[in-house]
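Let me begin by presenting the structure, written as structure tokens, before commenting on it.
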Amino acid sequence: MTLSHPSDGTTAATPAQMPRHSVPLFTLVALIIGSTVGSGIFALPQNIASVAAPGAMLIGWVIAGVGMLSVAFVFHILAQRKPHLDSGVYAYVRAGLGDYIGFTAGWGYWLGSVIAQVGYATLFFSTIGHYIPFFDESNRWVTGISVSLMTWLIFILLTRGIRQAAIMTSITTIAKVLPIAAFIILVAFLGFSWDKFTLDFWGETSGATVFEQIQGVMLFTVWVFIGVEGASVYSKQAKSRKDVGRATVIGFLTVLVLLLSVSTLSYGVLTQAELAALPDNSMASVLEAVVGPWGGLLISIGLCLSVLGAYVSWQMLCAEPLMMMALDGLLPRRVGELTSTGAPWVAQLISTCVIQFTVILFFLNNTAYTSMVQLATILYLLPYIFSALYLVLLATRGKGISHPHAGTRFDDSGPDIPPATNKRHLAVGLLALVYSMWLIYAADPVYLLFGALAVVPGLVPYVITRISKKERVFNPLEWAVVAIIIGGAIAAVIGLVTGNLAL
């Protein structure tokens, strides 16, 4: 039944009533580029140089490229094999691994987006502060208030509808890619020196082994690739199901070319030691070394446009998991209410309020931008790992782990797949799973514990919703997952109380 509220112009829509076939291929690609190319690319020269020499950097990008391409192909394949699972990344996990693990993936994706928002906005205003002292990093409360105001203004924009926000994202994506393209062209033709690029090519003077350097590179590449699944989040609204897979691959390859070009060319302008000493907006410093101060200003403008575009993209994206889980019965139904223009206003409001709370929490604790990034990355990895595992299950046994979804749209039964095709899908799934698990292994354990702590509050609405519907709360596998999460959360609380852990 659809519940109407004429007084506020909203409706609690069912999945079948969601706006469909309104987002074209170009906009899906723009969503991926807009979501992926945020702040990370502008900090790449300094980030990479702080841990690796050119040789290790190139090997690291090859590994990251293959690994993240496999993740992108996981969503491409799942979109083809399970076209009825049109609720984005969380739908695949729920169909394959059960309700609670699906909920955890959606909750983690949502919280990662929330935390990333604060990091994006912080860098946005610190860049402005380089030119306008009023927003300087020393005026932290000014930045905090500015972040809050921008968040609520974007919330107002998003309540006008997905299509309007998607159009804005497309425009900002074009605007921010132009300065990056200018950087690549200018540095390649005016500033790149092969002798400087090959100087200490393997980092023999750094004291770190090549493997250690590669491992350091990998930790930075995770963040800059987050967003490759952006098209699948809006799979329901795509004009064509084929566009989802196409947009994922096109968007990924475009982002990879940009990231690899920026990080590689920078080593031909400044030495590794010089790059490592640059500030966060290190791309601006590199171009300034080639063409002068106007180059730094150009990249700073690009960074501001990039972060603003990513901010809009992620604030739009982070409401989707909440809305879909509400419409699918994992959260209270009211969370899925839509405005007359199709905007998920309740999910957007909840997300905006949590972003506001996170701004206050992080600013009170003087949390560093890099800490926000690493915590968000851990939470984003949850749907990546579980989606890859689901593809492995499909390729080996034809379905996910058994749970009561028969006859619903989360029933993962489907047509038989030729053995040769299944072998290719298994290879992609295994590669993505191993790569994602290795990233978890390589992460700082502190962020794993804080990630568990961030997931625990989701148990409350989930359990209440299950009990109110008189459904089984957890199956044996889910109880094991809950125990691991609660154990990690308890360890995080103990660490906070004793002072052994801090963001």
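The values are calculated or read from the model by the stated rules, or taken from the named source; none is laboratory data. What you are looking at is a predicted structure, and each value in this text was computed from that prediction instead of being measured. Cβ: placed from backbone, ideal geometry, glycine included. Neighbour counts: every protein chain shown. What goes into the accessible areas is simple: the full protein's heavy atoms, side chains included, and nothing from ligands, DNA or RNA. Shrake-Rupley method; radii C 1.70, N 1.55, O 1.52, S 1.80 Å.
Explain nothing, just compute: Karplus ³J(HN,Hα) = 6.51 cos²θ - 1.76 cosθ + 1.60, θ = phi - 60°, for every residue of segment 141-155 in order, whole Hz, x for Gly and Pro.
Residue by residue, segment 141-155 yields 6, 4, 4, x, 5, 5, 4, 4, 4, 5, 4, 6, 5, 5, 4 Hz.
If you plug each phi of segment 342-350 into the Karplus form 6.51 cos²θ - 1.76 cosθ + 1.60 with θ = phi - 60°, what whole-Hz ³J(HN,Hα) values come out, in order, with x for Gly and Pro?
x, 8, x, 5, 5, 4, 5, 5, 4
In segment 25-498, what percent of the accessible surface is made up of carbon and sulfur (1.4 Å probe, ligands and nucleic acids excluded)?
Roughly 71 percent of what the probe reaches on segment 25-498 is carbon or sulfur.
When all protein chains stay in place, what accessible area (Å², nearest 10, 1.4 Å probe) is found for Glu212?
That residue has around 100 Å² of solvent-accessible surface.
For Trp345, Trp61, give me the order by solvent-accessible area with a 1.4 Å probe, most accessible first, ignoring ligands, DNA and RNA.
Trp345, Trp61
Need the list of lysines near Lys239 for cross-linking: C-alpha distance under 26 angstrom, and skip anything on the same chain fewer than eight residues off.
Here the lysines satisfying the reach criterion relative to Lys239 are Lys82, Lys176.
Could you tell me the accessible area of Lys242 in Å² (1.4 Å probe, neighbours in place), rounded to the nearest ten?
140 Å²
Quick query: amide H of Val23 versus all other amide H atoms, modeled in the peptide plane; which residues come in under 5 Å with a sequence gap of 5 or more or a different chain?
Hits under the 5 Å cutoff: Ala238, Lys239.
Given the Cα-Cα distance of Ile467 and Asn366 and 0.36 nm per residue of separation, how much length would full extension add, in nm?
In short, 32.4 nm is gained.
Could you do me a favour and compute the accessible area per residue for segment 25-498, 1.4 Å probe, result in Å²?
The answer is 38 Å² per residue.
Once you list every other residue whose beta carbon is under 13 Å from the beta carbon of Val373, what net charge do they have if Lys and Arg are +1 and Asp and Glu are -1?
-2
Take the alpha carbon gyration tensor of segment 34-132, find the square roots of its eigenvalues, order them as a ≥ b ≥ c, and report rounded if a/c is under 1.5; if not, report prolate when a/b exceeds b/c, else oblate.
Taking the square roots of the gyration eigenvalues as a ≥ b ≥ c, segment 34-132 is oblate.
Return the sequence-ordered ³J(HN,Hα) values of segment 183-188 in whole Hz as given by the Karplus equation 6.51 cos²θ - 1.76 cosθ + 1.60 applied to θ = phi - 60°, using x for Gly and Pro.
Per-residue couplings from phi come out as 4, 4, 5, 5, 5, 4 Hz.
Keeping all protein chains in place and using 1.4 angstrom, which order do Val142, Val434, Val359 fall into by accessible surface area, from largest down?
Listed by decreasing accessible area, they come as Val434, Val142, Val359.
How much accessible surface does Val62 have with a 1.4 Å probe, in Å² rounded to 10?
Here the accessible area works out near 90 Å².
If we sort 253-265, 97-109 on the protection proxy, mean other Cβ atoms within 10 Å, highest first, what's the order?
Put in order of decreasing packing, that is 97-109, 253-265.
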